[in-house]
1. For residue 328, work out the one condition from (1) out of contact with any strand residue (DSSP E or B) (no Cβ under 7 Å at 6 or more places or on another chain); (2) modelled with pLDDT of 80 or more it doesn't fulfil.
2. So, residue 414, is that one part of a helix (DSSP H, G or I), modelled with pLDDT under 90 and either basic (Lys, Arg) or surrounded by 19 or more Cβ atoms within 10 Å (Cβ to Cβ) (or both) or not?
3. Identify, by number, the condition in (1) within 15 Å of residue 83 (Cβ to Cβ); (2) in contact with a helix residue (DSSP H, G or I) (Cβ under 7 Å, 6 or more places away or on another chain); (3) among the hydrophobic types (A, V, I, L, M, F, W, C) that residue 174 doesn't meet.
4. Among the residues of segment 315-332, count how many are over 17 Å from residue 300 (Cα atoms) and not β-branched (Val, Ile, Thr).
5. As an exercise: evaluate residue 359 against (1) out of contact with any Asp or Glu (no Cβ under 8 Å at 6 or more places or on another chain); (2) modelled with pLDDT of 70 or more and give the number of the one condition it does not meet.
6. Could you check residue 171 against (1) surrounded by 13 or more Cβ atoms within 10 Å (Cβ to Cβ); (2) modelled with pLDDT under 90 and say which number it fails?
7. Collect the residues in segment 214-264 that are among the polar types (S, T, N, Q) and exposed (fewer than 13 other Cβ atoms within 10 Å of the Cβ), keeping them in residue-number order.
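The values are calculated or read from the model by the stated rules, or taken from the named source; none is laboratory data. It should be emphasised that the depicted structure is a prediction, and the values quoted were computed from it without experimental measurement. Note that we place each Cβ from the backbone using ideal geometry, even for glycine, and neighbour counts take in every protein chain shown.
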Amino acid sequence: MKRPRLLRAGAAGALPEKPARHALPGAMADAPYVPPHPEPEESIQHSLFGEILDWMLAPLLLLWPMSIAITYLVAKSIANQPFDHALEDSVTVLAQQVKEVDGKIVARLPGSARDILRADDVDSIYFQVTGPRGEVVDGDRDLPLPLGEEPERSGRVHFRNESLHGTPVRVAYAWINLQPLAQPKPTLALVQVAETLDKRAQLANEIIKGVILPQFIILPVILALVWFALSRGLSPLAQLQERIRARPPDDLSPIDSRQVPEEISPLVGSLNDMLARLAHTIDAQKRFIADAAHQMKTPLAGMRMQSELALRQVDPGEIHRSLEQLAKSSESATRLVNQLLALARAENQPHAGVALEPLDLGVLAREVVLDWVPASFAQEIDLGYEAPDEPLEIAGNPLMLRELLSNLIDNALRYTPSGSGGSVTVRVRASAGQALLEVEDTGPGIAPGERPRVFERFYRILGSSAPGSGLGLAIVREIAQQHGADIEIFNNPRSTHKKFPGSLFRLTFPPPELPAPDAD
């Protein structure tokens, strides 16, 4: 353990020359450069109504063309089925008329049967009978043969799409065996019946019209119903907005969550929590202003009384004494105003918004102690400073920590008796990896039951004769909380005086967060 540095100031000694200040990395040097914040990008406000409407209608509008395409394909398939059956029947009937006579294939189809086969008011009907070698036995010679297919003896009817004279046609065809099954080599004839697609197209169009046209009528109705449903569903938000807007400015009572839909109950709950915090803050500010006004009455009344008394005096000595009292009252009022401003600054600074930087707690404490040496000389109190030689770094705000330590030293000097034996010690040390800041005095001490209350604003222990406003320790607690530090009060363990057990204020600072190592 290195020998601590000591600074003692007493009534009998001379005022020590103020030592050179230590250079601190980023703490006691000039304020660090803070780059300007970029201008926030202009945010686009979105409509909840529009968002929901988009998410509901976008899938509908995307699926609707797909529905039309599927409907068209299904309609074509449905339209093909009855006409394919008719073609299949025609192929079967025509196949029954094809025979082999004296080694030749003939189609015994009378003229009336040909007329019936070709009878159609809409489509053109074609047929063809072809022998085993591809020769046309009967029918239309222009009807093309199936390509790439091997003849089969099953007699099953097949279908294909062809083009005849530039017109698409549907062809039904089958190979028929003209030899008995016992014959090893069959004689296969090809029977084909084809028709144009006009009837099929008409039927498919009728089916599509029957399905699609109602959709054109229903779709606007669906859109209107969706619009109406969304308007009705979001109406509780508009009602909530009107209820909040109709409130008087000072009404911070919670919103009744039973009058809102379940989905926005969490939002209303969060809003109620914010209103409760705001009401608490406003009440605290009102109490603070009332207490501050009450505290200001005493020094202001004293100043007025002393000034009036000085005006009535003719004796220069009495006038001088009145002016001295006026100066003391003015000093008390000035101190009270400064403490009120310091407390307001500390309380209005959000905990997460305090600008912390690395600093040497020992150097900062030494500089504050040096600032209070003249006051300790005037009161004939021994003011001491103890710290290790090595730096003790914390993350803190230098200005706020100076205010904290100044209030602790001022409080200690006020309650420590003047004269021989009175002492105040500021100590900086490390314990269990944490930095400790201690202010120790030889005053009357603080009873354990009073210790939690001395940090309240304007609270003063009954019977205390020392001047003060009761704000110094409130400022200390607020700044300590801003830095995440714990503050405790003990009796002075080094005091041996029964009447003056002394006090020890100890602040424990968390270790500074070290930057993450750079990845190689």
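1. Exception for residue 328: condition (2).
2. Spelling it out, residue 414 is indeed part of a helix (DSSP H, G or I), modelled with pLDDT under 90 and either basic (Lys, Arg) or surrounded by 19 or more Cβ atoms within 10 Å (Cβ to Cβ) (or both).
3. Among (1) within 15 Å of residue 83 (Cβ to Cβ); (2) in contact with a helix residue (DSSP H, G or I) (Cβ under 7 Å, 6 or more places away or on another chain); (3) among the hydrophobic types (A, V, I, L, M, F, W, C), the lone unmet condition for residue 174 is (1).
4. 6
5. The single condition residue 359 does not satisfy is (1).
6. So residue 171 meets the others, but not (2).
7. 231, 235, 239, 241, 253, 259
So that you can scan it fast, the table gives a plain yes or no per residue for (1) in contact with a strand residue (DSSP E or B) (Cβ under 8 Å, 6 or more places away or on another chain); (2) of a type in the set (Lys, Arg); (3) more than 30 Å from residue 138 (Cα to Cα):
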| position | (1), (2), (3) |
| --- | --- |
| 169 | yes, no, no |
| 178 | yes, no, no |
| 186 | yes, no, no |
| 198 | no, no, no |
| 212 | no, no, yes |
| 218 | no, no, yes |
